[in-house]
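To start, the structure under review is shown below, and the notes come after it.
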Amino acid sequence: MTKQALQPYFQQLELCMLKDRQGFFLQLRKLQKNDKKQDFEATLKKLADNLDKSIAQAKLRQQQSPARSSPEELPISQKRDEILEIIKASQVTILCGETGSGKTTQLPKICLQLGLGVRGLIAHTQPRRLAARSVAARIAEELKTELGQQVGFKVRFSDQTSENSYIKLMTDGILLAECHHDPYLNQYDTIIIDEAHERSLNIDFLLG
């Protein structure tokens, strides 16, 4: 095995879990500078095994992604196809609508429909703890899954998520705190900042 053979591993990083990608990338860059053949081959074998496991986890999550449907009577359901196209085409989407239009409960499900939430969680923030719990419970009910499994929530002193979670409700303060140990928020592939019009200090920092 030579250093020139590392390129396919770099390409496979696009298929692994986002939380693992940065670590794998740094290990591959370190291997590029390694001149000891024995260490190179042993380290690459271990890295390849871990990369395969991460890719397999992403594939399994794709297969097990929860079924989703939107109540047709909600106003957001009438704009679902348009919202899908906008999210696919844009890195940042601003969605405005009247209270009760279904934005909070249906937008995470629209993201699931696009295949998001597989290689990384869908983060969904609420300004208050009670809202984070109740929204998580509502989405879990609509997806016919147990709260804390495919849909979970995290608030101060309570983390009701699992390795099977796709959608994670939390307060904006919790997400901001997670930046301390995960500055690029690599465990998420989608971040939904709800009630952004409230313009709290936490929300302003997150939007930045």
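The values are calculated or read from the model by the stated rules, or taken from the named source; none is laboratory data. Not measured: the values here are computed from a predicted model. Heads up, the Cβs are rebuilt from the backbone with ideal geometry, glycines too, and the neighbour counts pull from every protein chain shown. The accessibility values were calculated without ligands, DNA or RNA, using every heavy atom of the protein model including side chains. Shrake-Rupley method; radii C 1.70, N 1.55, O 1.52, S 1.80 Å.
Within segment 119-138, if we keep just the residues that are buried (at least 22 other Cβ atoms within 10 Å of the Cβ) and of a type in the set (A, V, I, L, M, F, W, C), the residue that is nearest to L13 (Cα to Cα) turns out to be L121.
Residues that are at pLDDT 90 or above and of a type in the set (D, E) do occur in segment 182-193, at least one of them.
Screening E195, E141 for residues that are open to solvent by 10 Å² or more (accessible area, probe 1.4 Å), out of contact with any strand residue (DSSP E or B) (no Cβ under 6 Å at 6 or more places or on another chain) and either among the β-branched types (V, I, T) or touching a residue at least 24 places away in the same chain (Cβ under 8 Å) (or both) leaves exactly one candidate, E195. Q106 meets the conditions (1) of a type outside the set (D, E); (2) part of a helix (DSSP H, G or I); (3) more than 15 Å from D194 (Cβ to Cβ) in every case but one. The failed one is (3). Do we have any residue at all in segment 119-127 that's of a type outside the set (F, W, Y) and more than 15 Å from the chain's Cα centre (by Cα)? Checking segment 119-127: at least one residue is of a type outside the set (F, W, Y) and more than 15 Å from the chain's Cα centre (by Cα).
Residues T104, T99, T161: which one is touching a Gly at 6+ places or on another chain (Cβ under 9 Å) and either open to solvent by 30 Å² or more (accessible area, probe 1.4 Å) or at pLDDT 95 or above (or both)? It would help to see each step written out before you state the result.
On the way: T104 fails: touching a Gly at 6+ places or on another chain (Cβ under 9 Å); T99 fails: touching a Gly at 6+ places or on another chain (Cβ under 9 Å).
When all the criteria are applied, what remains is T161.
Of the numbered criteria (1) out of contact with any Gly (no Cβ under 9 Å at 6 or more places or on another chain); (2) touching a residue at least 12 places away in the same chain (Cβ under 8 Å); (3) among the charged types (D, E, K, R), the one K53 fails is (2). In this structure, is R29 in a helix (DSSP H, G or I), open to solvent by 70 Å² or more (accessible area, probe 1.4 Å) and among the charged types (D, E, K, R)? Considered against the rule, which asks whether it is in a helix (DSSP H, G or I), open to solvent by 70 Å² or more (accessible area, probe 1.4 Å) and among the charged types (D, E, K, R), R29 comes out as yes. Look through segment 1-28, keep the residues that are of a type in the set (K, R) and at pLDDT 90 or above, and return whichever of them is nearest to S165 (Cα to Cα). Filtering segment 1-28 for residues that are of a type in the set (K, R) and at pLDDT 90 or above, the one nearest to S165 (Cα to Cα) comes out as K19.
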